[in-house]
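The values are calculated or read from the model by the stated rules, or taken from the named source; none is laboratory data. Computed from a prediction, not measured in an experiment: that's the story for all the values here. In this analysis, Cβ positions are derived from the backbone assuming ideal geometry, glycine residues included, and neighbour counts consider all displayed protein chains.
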Amino acid sequence: MGTSACARGALLLVLACFTFSATVGAAEPLSLSRIIDYSLRHNGELGAFREEKGIRDAALVRAGLFPNPSLEVEAASGALTESSAENSVSLGVSQEFLLADKRRKRQNVAERELEIYSLQLADRERTIREEVKMAFYAAILAKKRVELTEQVVLLNRQLLHVAGERLAAGDIPELELNLVKVELNRAEADKITAANALHQREASLAILMGLPPGAPVAIAGEFAGGPGVGTPAELLTRVYNNRPDLKALEAEKSRGDAEIALAGAEGIPNVTAALTFSRERTALDVGSEEVTDTDYLVGVRLSVPIPIFDRNGAGVREARARRNSAETRLSAAKRSIEREFSAAYAGYENSERILSIYKTEIIPQLEENLKLSQEAYRLGEIGILEVIQEQKKFFEVSDGHLTALHDRQTALVKLEAVTASELTGGEK
């Protein structure tokens with residue numbers, strides 16, 4: 001019985017893993033575009049904020065509703081005043097009528113609120129894209145470092161083979177062979193450290209994606225350059241045209257205008273009209289007899305508050321203060337974003353210059369020096385320490401090149417986030 005239960009549990013686990021793999025493609029490496037698409041659909045914070053749309057939708061529906069009518073019923077009897085024959089019953093229906101176009105103005109405020117929410121959601125998606133891209137390229141950097149450590153391990157194994165041949169030929173002492181073994185072991189340790197760093201980066205990416213706990217994630221991609229990103233003037237135009245947070249602040253300013261209009265209208269009292277129907281029975285003593293009389297009355301009643309003490313002046317002042325606050329925040333945000341853009345563009349240009357130096361000057365010479373030192377050691381022209389030193393330099397400079405590639409990529413991601421646009425033709 002226990003074996004059967006374990007077998008069923010294992011089968012369910014396999015089916016769950018298969019279903020998850022089919023859903024997000026976790027069994028195969030994920031490209032940046034697929035990771036971003038999955039993150040936008042499953043990120044927890046983003047999903048919670050999407051649910052808040054129902055609050056704005058409800059507010060818009062509420063703003064368009066008319067006041068409910070009121071039913072009034074009144075009954076009176078003379079039984080307690082020894083006039084049991086006298087009584088009255090009245091029935092009335094009253095309806096409040098909104099003046100000064102309050103309903104439309106309330107709807108206008110609710111529509112602006114819904115517009116602000118949509119823009120805030122778009123801005124959160126923009127920041128999620130940036131975070132996911134940063135995490136993705138951090139994982140790419142970690143992956144490239146694993147490949148670099150594997151290359152260094154291979155170089156040390158090749159060096160160990162050459163040293164072993166030279167030791168067998170009596171060209172070098174055993175100490176040189178031991179030095180190479182130490183370097184190989186150290187390279188193996190560096191490889192393990194790099195693999196652990198890659199695992200940590202993939203775990204951070206999985207959290208942003210909203211993957212279930214324990215779900216594997218693998219990435220596929222390269223550091224992408226591409227054509228020029230454009231002139232600062234062109235990119236700054238994109239900033240003003242595309243940034244959803246700026247548009248949200250502009251919408252807040254528009255909502256402030258709508259709230260001022262509504263607050264002014266709220267100072268005009270509404271009219272309440274009522275239609276009443278009543279029946280009154282009265283009793284009169286005529287001689288020795290009591291005569292009753294019944295009257296049926298239909299009436300109309302109008303009531304309007306007199307705005308002597310409160311004309312909603314405080315509401316108008318509050319709405320104006322909100323509108324002025326939104327305008328001030330919009331101006332401050334524009335200045336802040338312009339500085340953010342300047343820093344991002346300068347960072348991108350500097351990263352391109354550094355990377356160009358690596359590509360054209362440092363890396364070709366470094367690879368040539370490594371080949372020459374390996375060949376010179378094989379021929380016995382230089383000692384083992386010179387080769388080890390050259391291999392260390394190869395690792396350090398190659399790691400610096402990877403860092404430069406990553407810095408250029410993150411600078412491009414920041415520039416894309418600032419301009420709220422894709423500058424390399426979209427994610428691959």
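Testing I354 on (1) within 30 Å of A420 (Cα to Cα); (2) exposed (fewer than 12 other Cβ atoms within 10 Å of the Cβ); (3) among the β-branched types (V, I, T), one condition comes back false. Which one is that?
I354 satisfies all of (1) within 30 Å of A420 (Cα to Cα); (2) exposed (fewer than 12 other Cβ atoms within 10 Å of the Cβ); (3) among the β-branched types (V, I, T) except (2).
Which members of segment 157-166 meet the condition of being more than 55 Å from the chain's Cα centre (by Cα) and exposed (fewer than 15 other Cβ atoms within 10 Å of the Cβ)?
Within segment 157-166, G164, E165 meet the criteria.
Only residues that are of a type in the set (A, V, I, L, M, F, W, C) and either touching a residue at least 40 places away in the same chain (Cβ under 8 Å) or closer than 17 Å to A189 by Cβ (or both): list them for segment 154-171, please.
Of segment 154-171, the ones of a type in the set (A, V, I, L, M, F, W, C) are 154-155, 159-160, 162-163, 167-169.
Scanning segment 154-171 gives L154, L155, L159, L160, V162, A163.
Condition check: out of contact with any Lys or Arg (no Cβ under 7 Å at 6 or more places or on another chain), outside any loop (DSSP other than H, G, I, E, B), at negative phi and charged (D, E, K, R). Does R157 satisfy that?
Numbers: out of contact with any Lys or Arg (no Cβ under 7 Å at 6 or more places or on another chain): yes; outside any loop (DSSP other than H, G, I, E, B): yes; at negative phi: yes; charged (D, E, K, R): yes.
For R157, the condition - out of contact with any Lys or Arg (no Cβ under 7 Å at 6 or more places or on another chain), outside any loop (DSSP other than H, G, I, E, B), at negative phi and charged (D, E, K, R) - is met.
Only one of A163, A197 is modelled with pLDDT under 95 and assigned to a helix (DSSP H, G or I). Can you tell me which?
Numbers: A197 fails: modelled with pLDDT under 95.
Just one listed residue meets the conditions, A163.
Among S84, S118, S94, which is out of contact with any Leu (no Cβ under 7 Å at 6 or more places or on another chain), of a type outside the set (V, I, T), part of a strand (DSSP E or B) and over 30 Å from V271 (Cβ atoms)?
Values: S118 fails: part of a strand (DSSP E or B); S94 fails: over 30 Å from V271 (Cβ atoms).
None of the others qualify; the one that does is S84.
Tell me which of these L80 doesn't satisfy, since it passes every other one: (1) more than 56 Å from the chain's Cα centre (by Cα); (2) surrounded by 15 or more Cβ atoms within 10 Å (Cβ to Cβ).
Failed condition: (2).
Suppose we keep only residues that are part of a helix (DSSP H, G or I) and charged (D, E, K, R) within segment 207-252. Which one would you say is surrounded by the most Cβ atoms within 10 Å (Cβ to Cβ)? Before you say what the answer is, go through the steps one by one.
Looking only at segment 207-252, we keep the residues that are part of a helix (DSSP H, G or I), and these are 207-209, 232-242, 244-252.
Okay, now just the ones that are also charged (D, E, K, R), so 234, 238, 245, 247, 250, 252.
Values: E234: 10, R238: 18, D245: 17, K247: 20, E250: 17, E252: 22.
Looking at residues that are part of a helix (DSSP H, G or I) and charged (D, E, K, R), I get E252.
Return yes when E72 is among the acidic types (D, E) and not in a helix (DSSP H, G or I) and no when it is not. So that I can check it myself, show each step before the final result.
Numbers: among the acidic types (D, E): yes; not in a helix (DSSP H, G or I): yes.
So E72 passes the test.
I'm told E422 meets every condition in (1) surrounded by fewer than 14 Cβ atoms within 10 Å (Cβ to Cβ); (2) of a type in the set (D, E); (3) closer than 30 Å to N178 by Cα except one. Can you identify the failing condition by its number?
Against the list (1) surrounded by fewer than 14 Cβ atoms within 10 Å (Cβ to Cβ); (2) of a type in the set (D, E); (3) closer than 30 Å to N178 by Cα, E422 comes up short only on (3).
Being assigned to a helix (DSSP H, G or I) and within 22 Å of the chain's Cα centre (by Cα) is true for just one of L366, L355, L330, L370. Which residue is that? Please lay out each step first, then the result.
Numbers: L366 fails: within 22 Å of the chain's Cα centre (by Cα); L355 fails: within 22 Å of the chain's Cα centre (by Cα); L370 fails: within 22 Å of the chain's Cα centre (by Cα).
Sole residue among the options that is assigned to a helix (DSSP H, G or I) and within 22 Å of the chain's Cα centre (by Cα): L330.
Could you pull out the residue among E340, E368, E349, E327 that is surrounded by 12 or more Cβ atoms within 10 Å (Cβ to Cβ), without any contact (Cβ under 8 Å) to a residue 40 or more places away in the chain and either over 14 Å from H401 (Cβ atoms) or in contact with an Asp or Glu (Cβ under 9 Å, 6 or more places away or on another chain) (or both)?
On the way: E340 fails: without any contact (Cβ under 8 Å) to a residue 40 or more places away in the chain; E368 fails: surrounded by 12 or more Cβ atoms within 10 Å (Cβ to Cβ); E327 fails: without any contact (Cβ under 8 Å) to a residue 40 or more places away in the chain.
Just one listed residue meets the conditions, E349.
Say we look at segment 172-206 and pick out the residues that are within 30 Å of N43 (Cβ to Cβ) and touching a helix residue (DSSP H, G or I) at 6+ places or on another chain (Cβ under 6 Å); which of these is surrounded by the fewest Cβ atoms within 10 Å (Cβ to Cβ)?
The residue in question is A195.
Quick check: anything in segment 352-374 touching a His at 6+ places or on another chain (Cβ under 7 Å), farther than 30 Å from R243 by Cβ and of a type in the set (F, W, Y)?
yes
Conditions: (1) touching a helix residue (DSSP H, G or I) at 6+ places or on another chain (Cβ under 6 Å); (2) exposed (fewer than 15 other Cβ atoms within 10 Å of the Cβ). A169 meets all but one. Number of the miss?
All conditions are met except number (1).
Kindly indicate whether any position in segment 265-279 is more than 28 Å from the chain's Cα centre (by Cα), of a type in the set (D, E, K, R), exposed (fewer than 12 other Cβ atoms within 10 Å of the Cβ) and part of a strand (DSSP E or B).
Quick first cut of segment 265-279, residues more than 28 Å from the chain's Cα centre (by Cα) only: 265-279.
Retained after the next criterion (residues that are of a type in the set (D, E, K, R)): 266, 279.
Adding the requirement that they be exposed (fewer than 12 other Cβ atoms within 10 Å of the Cβ) leaves none.
No - not one qualifying residue is present in segment 265-279.
Name the residues in segment 373-388 that are outside any loop (DSSP other than H, G, I, E, B) and either aliphatic (A, V, I, L, M) or in contact with a strand residue (DSSP E or B) (Cβ under 6 Å, 6 or more places away or on another chain) (or both), would you?
Of segment 373-388, the ones outside any loop (DSSP other than H, G, I, E, B) are 373-378, 384-388.
Result: A376, I384, L385, V387, I388.
Which residues, taken from segment 168-180, are within 18 Å of S373 (Cα to Cα) and part of a helix (DSSP H, G or I)?
Scanning segment 168-180 gives E176, L177, L179, V180.
Identify, by number, the condition in (1) within 30 Å of H401 (Cβ to Cβ); (2) surrounded by 13 or more Cβ atoms within 10 Å (Cβ to Cβ) that L154 doesn't meet.
(2)
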